[in-house]
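Remarks on the structure that follows.
The values are calculated or read from the model by the stated rules, or taken from the named source; none is laboratory data. Keep in mind that what you see is a predicted model, and the values were worked out from it rather than measured. Virtual Cβ from ideal backbone geometry, glycine too; neighbours counted across all protein chains shown. Remember, those area values only see protein heavy atoms, side chains included, never the ligands or the DNA or RNA. Shrake-Rupley method; radii C 1.70, N 1.55, O 1.52, S 1.80 Å.
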Amino acid sequence: MGFKEVSNKAGFVALEREILDFWQETKAFDELRRMRAAGEAEHGIFSFIDGPITANNPMGVHHAWGRTYKDIYQRYYAMQGKNQRWQNGFDCQGLWVEVNAEKDLGFKSKRDIEQYGLAEFVKFCKARVLRFAAVQTEQSIRLGYWMDWNDPAELRGLGDLLVEDPGRVITLQGPNGPVTDTVEQMVGRLGLSDLGGSYFTFSNENNYQIWGFLKKCHDNGWIYKGEDVMPWCARCGTAISQHEIVTDGYFEVTHDSVFVRFPLVGRENEALLVWTTTPWTLSSNVAAAVGPELDYVRVKAEDGWPYYMAEGAMKNTLQGKNNEVVGRLKGEEMVGWEYVGPFDDLPRVQQAFTEAGYTHRVVPWREVGAEEGTGIVHIAPGCGAEDYGLSKEFNLPVIAPLDDNWIYVDGFGCLSVRQVAGVAEHVFARLLEIGFFYRKQKYSHRYPHCWRCGSELVYRLVDEWFISMGQTCDKPRGELTEAEKKASLRYQIMDRVDQINWYPWFGYDREMDWLRNMHDWMISKKRYYGLALPIYECDECDQFTVIGSEDELRERAVEGWDEFAGHTPHRPYIDAVKIACPHCGAKSSRITDVGNPWLDAGIVAFSTLGYRHDRAHWEKWYPADLITESFPGQFRNWFYSVLAQSTVLSEEPPFRNLFGYATLFAEDGRE
């Protein structure tokens, strides 16, 4: 046999297509899978769990980079003879999908979704996912990435049928024979062994497996409904968790900050000089915080007022040149001083203070510094996370001014019914009118934004559902008792992290730093398309129950099961099911919240391996020998979520080795 003539002109794209055609004609990947399955007894297995890519838009070059790493490792171990699962994953639910669906439909807010109809919107989201899963599958095949891919045409066809007639009965060819079901349920079975192909996190199995995880968290006493001040997106109408903005959600912006005088009670014509970058929160001020060990001064200012401020803040704060220091003191000497606030005449403020028997006062806070502002921090517990923490420490009243749309509620005078985004000038006018205004200043800072729609966020008081991470103990981890570890999910996860090989090595330190400092995990979203949280809350006795599976729900249902039967566990059909409250017997409804989408991606070490229905198969492939995704964000997101859910469900870590790669930058420096 002679050699094929090779052209001396490099045509890389044409060569790639020739190779792809050769693989297709010879069914090279199918033959590899057959050979490795046949040789498993001799060479063993290599278990790889894919971190799901969101099927939301065509892939970018950064996705191609990550998929190259995944392909290299799987090919390498295939060359060693090891059998593998070869399963790609698609992330399918949550805010990231909803926002793009809203754009396609021309929606401006989530109120438009309600008018459109939840059932139709959920179908639209699923169909959109299937279309982009087909696009990403084609792109991945073009890259030469070997996986057990679905037929892109079949995915597109399922998407079209889902919108047209989800109850239609169809038959698809699976790896072990034909599979028959309704279109809706066929979509819900994608990725299971009878259909093969990529896994989809909107699948029934993925959703129900998360129910089992949440049930076990509830059994451990870790799930609770909490009131907290959280970043809130008015456009998306939901709180944004710490996980979602801590890495990728901050951008440099410029706002109008303001220096405000708070006249002191019992000290004639003396005032605290306070600075804030969020003028809208002044309506809800309850306290002013000073650094107890910080050096403060009493300054006779050029405008005639004696002001108190941190000594190190004078240069940036004061106007004019004729400002004289006439006294010095430590912050701790100011603690307990009372002052007059700028919005004390508002009904909401008066009501809060009267009910608490409270007046404005100075409180100590060791986090206060003199590097920015005046060294005296305005505290509004209903508008800031750290402020809210101080309210618990010092029993301060909490004034919550905003509704879901960032509009001031009744009781805030001229601010009521105004949207917070355009209220700054009204606040400044008010401060000028009552003599509290000192000066404005343009201020550039990193400010939180919604990681999906790009809108600026504000902090507001909300009711959300959380998984408790447990307290952090003031002693080395090695000195914790078994009882202390058992009560703390945080420390249990740390024990799993110890057992994993991290590449590069500093990944271990980053994950541990996150676990030491993270707040409780907010798992709820006030949205529509996503995991239906299986939490049933009783209006009669205020107790709640967590359902752990579809079988448990069927057994406990007292209403609505027939309406739900035949549907996947998504809104609105799941909302029809009622159960009897186990505490008082009253009829209880599921909370309308959906789950944090990182729950969807974090459960795949169980849902894709048959944990519920084929434990032997799960035990064969768990834990994974390798996972690989980019950092830094995944330390707080997918890596954390996989670790947390596996810690609750298994004594072993979910993977033995983790390879993380850095953010890909464009030639102009953009991420």
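Miscellaneous remarks
- With a Förster radius of 60 Å applied to the C-beta separation of Leu432 and Tyr661, the computed FRET efficiency comes to 0.65.
- Net dipole in debye of segment 319-407 [+1 Lys, Arg Cβ; -1 Asp, Glu Cβ; about Cα centre; nearest 20]: 260 debye
- Accessible carbon and sulfur surface of segment 253-332 relative to its total accessible area, %, 1.4 Å: 43 percent
- Efficiency of FRET from Cβ geometry, Glu563 and Arg612, R₀ 22 Å, rounded to 0.05: 0.35
- Heavy atoms of His63 accessible to a 1.4 Å probe, total area in Å² rounded to 10: 60 Å²
- Based on the Kirkwood approach, the hydrodynamic radius assigned to segment 394-508 is 19.7 Å, with every pair of different Cα atoms included.
- For segment 574-618, the percent of C-alpha pairs falling in each 5 Å distance bin, counted from 0 to the bin holding the largest distance, reads 5, 17, 13, 12, 14, 19, 15, 5, 0.
- Charge dipole (segment 576-671, unit charges on Cβ, about Cα centre) - positive-most of Ile627, Phe606, Ala576: Ala576
- Counting all C-alpha pairs of segment 453-516, share separated by more than 17 Å (%): 56 percent
- Between helix 204-219 and the chain there is an angle of about 50 degrees, using the helix long axis and the longest principal axis of the Cα atoms.
- Peptides ranked, highest mean first, by Cβ atoms within 10 Å: ranges 280-292, 363-375: 280-292, 363-375
- Dipole of the chain [Lys/Arg +1, Asp/Glu -1 at C-beta], most positive-end residue of Tyr145, Cys538, Leu318: Tyr145
- For segment 313-392, the equivalent ellipsoid derived from the Cα gyration tensor has semi-axes of 27, 16, 13 Å, listed largest first.
- Ellipsoid semi-axes for segment 341-434, based on the Cα gyration tensor and the rule √(5λ), read 22, 17, 14 Å when sorted largest first.
- Per DSSP, loop trypsin sites (Lys or Arg not before Pro) in segment 310-350 with at most 14 further Cβ within 10 Å: Lys321
- Computed over Cα pairs, the Kirkwood radius of segment 1-111 leads via Stokes-Einstein (1.306 mPa s, 10 °C) to a diffusion coefficient of 89 µm² per second.
- Principal-axis tilt of helix 12-26 within the chain, Cα atoms, nearest 10 degrees: 50 degrees
- Enclosed volume per residue, in Å³, of the convex hull spanned by Cα atoms of the chain: 201 Å³
- Counting all C-alpha pairs of segment 418-470, share separated by more than 12 Å (%): 79 percent
- Dipole of segment 335-448, positive end: most advanced residue of Gln441, Ala421, Val335 [Cβ charges, Cα centre]: Gln441
- Lys, Arg +1 and Asp, Glu -1 on Cβ, resulting dipole of the chain about Cα centre, debye, nearest 20: 840 debye
- Rough spin-label spacing in nm, given labels placed 7 Å along Cα→Cβ, for Val326 and Tyr250: 4.0 nm
- Protein heavy-atom accessible surface, 1.4 Å probe, per residue over the chain: 44 Å².
- In plain terms, the chain from Asp104 to Ala37 could stretch by 19.8 nm, reckoned as 0.36 nm per residue minus the Cα-Cα distance.
- Listed cross-link partners Lys70/Lys215; Lys485/Lys587; Lys82/Lys126; Lys315/Lys440 are compared with a 26 Å cut-off, the Cα-Cα value being larger for Lys70/Lys215; Lys485/Lys587; Lys82/Lys126.
- Taking the three principal axes of the alpha carbon atoms in segment 125-245, the coordinate ranges are 50, 32, 32 Å, sorted in descending order.
- Alpha-carbon centroids, segment 626-671 and segment 50-117: separation in whole Å: 15 Å
- Sparsely packed loop sites in segment 1-48 (the chymotrypsin sites (Phe, Trp or Tyr not before Pro) outside DSSP H, G, I, E and B with at most 16 other Cβ atoms within 10 Å) comprise Phe3.
- Averaging Cα coordinates gives a centre for segment 363-390 and one for segment 394-471; these two points are 15 Å apart.
- Here segment 191-274 has an Rg and Dmax of 24.2, 81 Å, counting Cα atoms alone.
- Its Cα centre serving as origin, segment 162-291 has a Cβ charge dipole (Lys and Arg +1, Asp and Glu -1) of approximately 240 debye.
- The listed residues His567, His378, once ranked by accessible area (1.4 Å probe) with the largest placed first, stand as His567, His378.
- With every protein chain in place and a 1.4 angstrom probe, the accessible-area ranking of Tyr73, Tyr640, largest first, reads Tyr73, Tyr640.
- Cα centroid separation, segment 574-591 to segment 278-329 (Å): 55 Å
- Met230 contributes an accessible area of around 20 Å² to the protein surface, as traced by a 1.4 Å probe with all chains present.
- Note on Ala14 and Thr472: with the Förster distance fixed at 45 Å, the Cβ-Cβ geometry gives a FRET efficiency of about 0.15.
- When you filter the chymotrypsin sites (Phe, Trp or Tyr not before Pro) in segment 505-576 for DSSP loop state and at most 13 other Cβ atoms inside 10 Å of their Cβ, you are left with Trp505.
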